[in-house]
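For reference, the structure discussed in these notes is given below.
The values are calculated or read from the model by the stated rules, or taken from the named source; none is laboratory data. Everything quoted here is computed from the prediction, not taken from an experiment. Cβ placement follows ideal geometry from the backbone for every residue including glycine, while neighbour counts extend to all protein chains displayed. Heads up: the accessible areas ignore ligands, DNA and RNA and are worked out on the full protein's heavy atoms, side chains in. Shrake-Rupley method; radii C 1.70, N 1.55, O 1.52, S 1.80 Å.
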Amino acid sequence: MEDSFVNTLLTLYKVEKWKEILKLNENSDNLNALKLLWVWPEEKNFKFIKNLVKDLGYKGILSLGCGCGLLEWLINQSTGLPVLGYEINREWWESKYSSFKFIKLNYINQLNENSLDPNYALLFCYFNNKKSFQDYVNNYKGHLIFIIGPGCDVPRHTEPQPFSADFGTTDWHLYCYQEVKTTGDFIAAFIREEK
Ligand SMILES: C[S@@+](CC[C@H](N)C(=O)[O-])C[C@H]1O[C@@H](n2cnc3c(N)ncnc32)[C@H](O)[C@@H]1O
């Protein structure tokens, strides 16, 4: 990764200039940026997330598969919402080879059925594991899940995808969505409607 990109980003991170950080990849065309975060939102995307979380009465967000936590830090900075990030492979993330972490990571072996606080929305951004996704959904008693990933016309793969997510149950319905700039990536909000 280009050292200068990371150095600039870290300098801005240390002084909490999140808007300046977004500008580093304003056109979502910087390949160095993609190594840290798959989707670079704009301010209106954060407002979209915040409004839904607040309007539906949630306290914050639990992000599964948060990677280095840059997205989670940006959401927290821009919205004021608490955002907790979860990862697998503690050994790697806590090793000297790990990339910089923008938030304190939590590890899924700390999770149990009661850990997915139903007062928080879940977030999956370019998550890549259908089985784990369905396990998380199964253990979650709340009613709001965000999925960020490619729209139908984009030749990028992830699991779950915003418009073809398989929750393993028919309780979940697409509530609303917003595109991230004109990238073909979308933020989709799903709500649970129990029968
Ligand atoms: C493609 S990366 C996306 C990272 C970040 N969300 C982003 O958008 O840049 C998928 C991440 O999910 C993590 N992951 C895979 N299975 C997981 C699981 N069962 N629970 C939590 N994280 C998981 C991986 O370690 C990886 O960091």
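A DSSP coil position with no more than 10 other Cβ atoms inside 10 Å describes the following GluC sites (Glu not before Pro) in segment 90-191: Glu113. List the longest stretch of the chain that has no exposed loop site; here a site is one of the chymotrypsin sites (Phe, Trp or Tyr not before Pro) assigned by DSSP to anything other than H, G, I, E or B, with at most 15 other Cβ within 10 Å. With chymotrypsin sites (Phe, Trp or Tyr not before Pro) excluded where exposed in loops, the chain gives 1-96 as its longest stretch.
Full extension of the chain between Lys104 and Lys17 gives 29.4 nm of extra length, using 0.36 nm per residue less the Cα-Cα distance.
Rounding to the nearest 20 debye, state how big the charge dipole of the chain is about its Cα centre with +1 on each Lys and Arg Cβ and -1 on each Asp and Glu Cβ.
On the way: 21 positive and 24 negative charges, 79 e Å.
I would put it at about 380 debye.
Between the alpha-carbon centres of segment 80-97 and segment 1-52 there is a gap of 18 Å. Where the alpha-carbon atoms of the chain are placed on the principal axes, they occupy 53, 37, 32 Å, in descending order.
Hey, what's segment 39-192 come to in accessible area per residue, 1.4 Å probe, Å²?
Values: 7090 Å² over 154 residues.
For segment 39-192, the per-residue accessible area is 46 Å².
The lysine pair count for segment 39-192, using Cα distances under 20 Å and pairs eight or more places apart or on different chains, is 13.
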